[in-house]
Amino acid sequence: QVQLVESGGGLVQAGDSLRLSCAASGLPFSINSFTTGWFRQAPGKEREFVSTITFIAGRRTLYADSVRGRFIISRDNAKNTVYLEMLSLKPEDTAVYYCAASRTIGEITTTSEYEYWGQGTQVTVSS
């Protein structure tokens, strides 16, 4: 059974930092053989792309315009864990953050191309 479990969310003030973790278990092979990503969803809004990391002749990352320069995605292949380092948090970053994994290798930004999803972790940023 494939499971993705997010952790690290919480209530912080604007300008603070958080690091989210996504621990994968039950994968048929190393997380490095998957494309992994982070999405977020605020109440009443669509789930939106945040960041993705994959390996295509080297590590590649991609970020949404709203988080570029503030968020850093990484993963520890030995631990099968994906991270999202969030710096200089803003109130508009408030959302439930989900990690996802896809068997397709590429810079994937759409929800439909990810087949494995975690249950999410709440991030709330107050002004």
Open item on the list: For segment 67-120, give me each residue that is within 16 Å of residue 30 (Cα to Cα), of a type in the set (A, V, I, L, M) and not in a helix (DSSP H, G or I).
Closed with: 82, 100, 101, 105
TODO: Would you mention how many residues in segment 91-117 are in contact with a Lys or Arg (Cβ under 8 Å, 6 or more places away or on another chain) and open to solvent by 60 Å² or more (accessible area, probe 1.4 Å)?
DONE: 2
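Rundown of residues vs (1) closer than 22 Å to residue 12 by Cα; (2) free of Cβ contacts under 8 Å to residues at least 24 places away in the same chain, yes/no style:
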{"residue": "46", "(1), (2)": "no, yes"}
{"residue": "55", "(1), (2)": "no, no"}
{"residue": "66", "(1), (2)": "yes, no"}
{"residue": "80", "(1), (2)": "no, no"}
{"residue": "93", "(1), (2)": "yes, no"}
{"residue": "104", "(1), (2)": "no, no"}
- [ ] Please specify each residue of segment 1-41 satisfying the condition of being assigned to a strand (DSSP E or B), among the charged types (D, E, K, R) and surrounded by fewer than 16 Cβ atoms within 10 Å (Cβ to Cβ).
- [x] 19
- [ ] Pull up segment 45-66, narrow it to residues that are at pLDDT 95 or above and assigned to a loop (DSSP other than H, G, I, E, B), then point me to the one that is most open to solvent (accessible area, probe 1.4 Å).
- [x] 46
Task: Residue match in segment 118-125 (condition: over 16 Å from residue 7 (Cα atoms) and open to solvent by 40 Å² or more (accessible area, probe 1.4 Å)) - done: no
Open item on the list: What are the pairs with Cβ atoms under 9 angstrom where one residue, in segment 1-17, is among the β-branched types (Val, Ile, Thr) and the other, located anywhere, is part of a loop (DSSP other than H, G, I, E, B) and surrounded by 13 or more Cβ atoms within 10 Å (Cβ to Cβ)? Sequence gap at least six, or different chains.
Closed with: 2/27; 5/118; 12/89
- [ ] Hey, could you check segment 67-80 for residues that are closer than 21 Å to residue 119 by Cα and buried (at least 18 other Cβ atoms within 10 Å of the Cβ) and say which is nearest to the chain's Cα centre (by Cα)?
- [x] 73
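The values are calculated or read from the model by the stated rules, or taken from the named source; none is laboratory data. Owing to the predicted nature of the structure, the values given are computational and were not obtained by experimental measurement. For neighbour counting, all protein chains shown are included, and Cβ atoms are generated from backbone atoms with ideal geometry for every residue, glycine included. We work out accessible area using only protein heavy atoms, side chains counted, and drop any ligands, DNA or RNA first. Shrake-Rupley method; radii C 1.70, N 1.55, O 1.52, S 1.80 Å.
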